[in-house]
Amino acid sequence: MTSTDLIQVRIQALRWEAEGIVSLELRRPEGGALPAFEPGAHIDLVLPNGVSRSYSLVNAQAHQDHYVVAVNRDAASRGGSRFIHDSLRCGDLVQISAPRNHFALDESAPHTVLIAGGIGVTPLYAMAQRLQAAGRSWEMWYSARNRTMAAYLAPIVELGQAGGADRVHLNFDQDPGGRMLDLPAIVAQIDPAAHLYCCGPTPMIAAFEQACAGRAPETVHVEYFSAAEAPAAEGGFTLVLSRSGRSIVVEPGKTILDAMLDNDIDVPYSCTEGVCGTCELRVIEGEPDHRDLVLSKEERAANKSIMVCCSGSLSPKLVLDW
Ligand code: FES
């Protein structure tokens, strides 16, 4: 994505969804369809203050003329969620990327289990809407600190009860007597052929992955919000950009992204933590030191692409398609 690929949209509606969470409904100013998307997809929101952040699409994929994203006010905000909560208003124009999806839903699974923690419910709510519309078997485990902090609680419960079923299991860990979801116990009683999806705080995802260690990897899906390890900033290698023929040295203490920006090389990025996939570039030569949470184990081993915001190089020269 470069600035020319961005789409201008208007904030048509801004809604309070839960304590500390607002949603934005985004539409083209002139009306008309936006690029199609599937559950699990996210967009980059480029804010008027220049900050870019990635947010999962919440609404049903059948909606063609608008996107909805929900934003949790992060106490450690570096200018993304704080700006959205404090400064954006209905009618404002913002830029967005087209949707990308690193958390795709496999609709062919015989049963799907969605495990949500806090604001991590957003891509999973989109999946639940799709699974219900497609008549597929699903259930959700939705954990939040308390009811007032659980976005989309009422529509999710209603969706889970459609047809008299009981598909949604709620957990509020800060309620009297409340505790964290018992992920090992939940995962242990799920059919081996089912697909499981988890999105939430990093400790929750780590516990989920541990609980799923014995399951077939292709049935276990996670979406991270923040980095799990430090970026590669050892530096000391040469970066060659094949299209321009430019060659720059990535110094110790710098990421590839730092080095490119320092050299006025325009490259797309958003989260800078290896979770959104915006900065993915194709590798032509060299061996990346992968530190992201976007690529699968197989994709890492293939060394065909790299997230330049956080990954480095194990070889003295790295050639990228840029
Ligand atoms: Fe998000 Fe690199 S900017 S993965």
| query | What 222 nm value per residue comes from the helices of the chain, counting each DSSP H run with n ≥ 4 as -39,500 (n - 2.57) and dividing by all residues, nearest 500 deg cm²/dmol? | reply | -5000 deg cm²/dmol
| request: Using only the Cα atoms of region 1-154, build the gyration tensor, take square roots of its eigenvalues as a ≥ b ≥ c, and label the shape rounded, prolate or oblate: rounded if a/c is under 1.5, else prolate if a/b is larger than b/c, else oblate. | output: oblate
| request: Please sort 163-169, 316-322, 306-312 by packing, taking for each peptide the average over its residues of neighbouring beta carbons within 10 angstrom, highest first. | output: 306-312, 316-322, 163-169
| request: Label region 174-281 by shape, choosing from rounded, prolate and oblate, from the square roots a ≥ b ≥ c of the eigenvalues of the Cα gyration tensor; if a/c is under 1.5 it is rounded, and otherwise prolate applies when a/b is larger than b/c, oblate when it is not. | output: prolate
| note | Among region 99-129, those whose backbone N falls under 20 Å of a label point 7 Å along Cα→Cβ from Asp182 are 113-117
| request: Identify the residues of region 191-206 with backbone N under 20 Å of a label point that sits 7 angstrom from the Cα of Ala134 along the Cα-to-Cβ direction, or state none. | output: 191-199
| request: First compute the accessible area of the chain with a 1.4 Å probe, then give the percent of it belonging to carbon and sulfur atoms. | output: 49 percent
| Dipole magnitude of the chain, debye to nearest 20 (Cβ charges: Lys/Arg +1, Asp/Glu -1, about Cα centre) | 420 debye
| said: Using only the alpha-carbon atoms, how far is helix 121-133 inclined from the longest principal axis of the chain? Give it as 0 to 90 degrees, nearest 10. | reply: 60 degrees
| remark: Under the rule rounded for a/c under 1.5, else prolate if a/b exceeds b/c, else oblate, using alpha carbon gyration tensor axes a ≥ b ≥ c, region 123-197 is classed as oblate
| For the chain, what's the relative contact order in percent, using C-alpha pairs closer than 8 Å and at least 6 residues apart? | 14 percent
| said: With a 1.4 Å probe and all protein chains left in place, how much accessible area per residue does the chain have, in Å²? | reply: 45 Å²
| query | Can you give the accessible area of Tyr224 in Å² (nearest 10), computed on protein heavy atoms with a 1.4 Å probe? | reply | 30 Å²
| note | Candidates Pro176, Pro155, Pro48; GNM for the chain (alpha-carbon contacts under 10 Å) flags as most fluctuating Pro176
| What is the dipole size for region 1-117, taken about its Cα centre, with +1 at each Lys and Arg Cβ and -1 at each Asp and Glu Cβ, in debye to the nearest 20? | 360 debye
| remark: Taking the chain, the equivalent ellipsoid from its C-alpha gyration tensor has semi-axes in Å, biggest first, of 34, 24, 18
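The values are calculated or read from the model by the stated rules, or taken from the named source; none is laboratory data. None of these values were measured; they are calculated from a predicted model. Neighbour counts are summed over all protein chains in view; Cβ atoms, including those assigned to glycine, are modelled from backbone coordinates with ideal geometry. For the accessible areas, the whole protein counts, side chains as well, though only heavy atoms, and no ligand, DNA or RNA atoms are used. Shrake-Rupley method; radii C 1.70, N 1.55, O 1.52, S 1.80 Å.
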